[in-house]
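First the structure, in the form of structure tokens, and then the observations on it.
The values are calculated or read from the model by the stated rules, or taken from the named source; none is laboratory data. This is a predicted model, so every value here is computed, not measured. Note: ideal-geometry Cβ built from the backbone for every residue, glycine included; neighbour counts use all protein chains shown. In case anyone asks, the SASA skips ligands and DNA or RNA and just uses the protein heavy atoms, side chains included. Shrake-Rupley method; radii C 1.70, N 1.55, O 1.52, S 1.80 Å.
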Amino acid sequence: GIANAAKGGAFVSGDSHSLLELASGKYAIAISDGMGNGERAHFESNDTVQLLSKILQSGIDETVAIKSINSVLSLRATDEMFSTLDLAMIDLQNASAKFLKIASSPCFIKRGDEVKMIEASNLPIGMLQEFDVDVVSEKLKAGDLLIMMSDGIYEGTNVENKEMWMKRKIRELETDNPQDVADLLMERVIRMNHGSIDDDMTVIVAKVKRNLPKWKTIPFYSGDLKQKKAQ
């Protein structure tokens, strides 16, 4: 589920995102926030996610991919235009996930009534030519909701403890439909701001579901086995 809005209700947002199913059996979810707002910020964040998509699709490891993107963008960043990157790489075999966060807002995992926050600290993409990427690993489970957001959502309220406020709003959700969750979180942040949109806002929500192949549902009767043995 995806919900987004541009600052002041404009048409062009400085946020960009990408959803990719990779040949390696992984699923990538990425949000990039260009510094500032409007077209320049959009071009910066869009370049980041487009580069990321191309490099990940080539099969390069995600950490190496981010360092490669950073090297390219740092060579161009002469006018102090930088972008954040929030990347989740989910293994479609065992639901293990790696989170690579470059100056991005925290993301959240909702498991029943439990809400866990994932965060890491790295400088924005393009600021330094060489840097280390902090990777956070988590094991997701069937039924989990993964909620990723740009800082327009996380920083978009005037509450003192943003982490506690966001965790409470996520915990209070009565739906696990990803699109409904994204829309509700967006609506609640805008409502807290009395209807104003003070920054570009993006929320992406993914639900983890266990895949049951069709052959799994074929019933097996012990009588079939006895008949085969008799033959």
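Overall shape of region 1-58 was characterised from the C-alpha gyration tensor. The equivalent ellipsoid obtained from it has semi-axes of 24, 13, 6 Å, in decreasing order.
Show which aspartates and glutamates lie in cross-link reach of LYS139 when reach means a straight Cα distance below 16 angstrom and same-chain residues fewer than eight apart are skipped. Excluding near neighbours in sequence, the set is ASP91, GLU114, GLU119. Roughly speaking, what is the centre-to-centre gap between region 28-56 and region 139-207 when only Cα atoms are used, to the nearest Å? Taking the Cα centre of each part, region 28-56 and region 139-207 sit 21 Å apart. Heavy atoms of the protein chains alone define the surface here; on that basis region 17-147 has 46 Å² accessible area per residue at 1.4 Å probe size.
The calculated pair-distance distribution of region 155-219 uses every alpha carbon pair, bins of 5 angstrom beginning at 0, and gives 3, 14, 21, 21, 14, 7, 5, 5, 4, 4, 2, 0 percent. Counting only Cβ charges, +1 for Lys and Arg and -1 for Asp and Glu, the dipole size of region 128-195 around its Cα centre is about 340 debye.
Packing here is the average count of other Cβ atoms within 10 Å per residue, and on that basis the peptides 86-96, 169-179, highest first, run 86-96, 169-179.
Divide the volume of the convex hull around the Cα atoms of the chain by the residue count and you get 148 Å³ per residue.
Between THR48, THR202, THR63, the GNM of the chain built on Cα springs shorter than 10 angstrom shows THR63 fluctuating the most. Placing +1 on the Cβ of every Lys and Arg and -1 on the Cβ of every Asp and Glu, with nothing else charged, gives the chain a dipole about its Cα centre of roughly 1640 debye.
Determine the calculated [θ] at 222 nm for the chain from helices alone, applying -39500 (n - 2.57) to every DSSP H run no shorter than 4 residues and normalising by the residue count; nearest 500 deg cm²/dmol. Walk me through the numbers before you get to the answer.
Values: 6 runs with 73 residues, N = 231.
Calculated mean residue ellipticity at 222 nm is -10000 deg cm²/dmol.
Could you sort out which of LYS67/LYS98; LYS7/LYS209; LYS101/LYS207 sit more than 23 Å apart by Cα distance in this structure? Among LYS67/LYS98; LYS7/LYS209; LYS101/LYS207, the Cα-Cα distance tops 23 Å for LYS7/LYS209. Just the protein heavy atoms count here, and of the accessible area of the chain at 1.4 Å, carbon and sulfur take up 50 percent. Each of ILE69, GLY34, SER24 was scored by the projection of its Cα onto the charge dipole of the chain, and the greatest displacement toward the positive side belongs to SER24; charges sit on the C-beta of Lys, Arg, Asp and Glu. Since only SER137, THR84, ALA3 are under comparison, the one whose Cα sits farthest along the positive direction of the charge dipole of the chain, derived from C-beta charges on Lys, Arg, Asp and Glu, is SER137. Residues HIS17, HIS194, sorted by accessible area with the largest first, give HIS194, HIS17 [1.4 Å probe; ligands and nucleic acids excluded].
MET117 to ALA23: FRET efficiency via 1/(1 + (r/R0)^6), r the Cβ-Cβ distance, R0 25 Å, to the nearest 0.05?
Numbers: r = 31 Å, r/R0 = 1.25.
So, using R0 = 25 Å, E works out to roughly 0.20.
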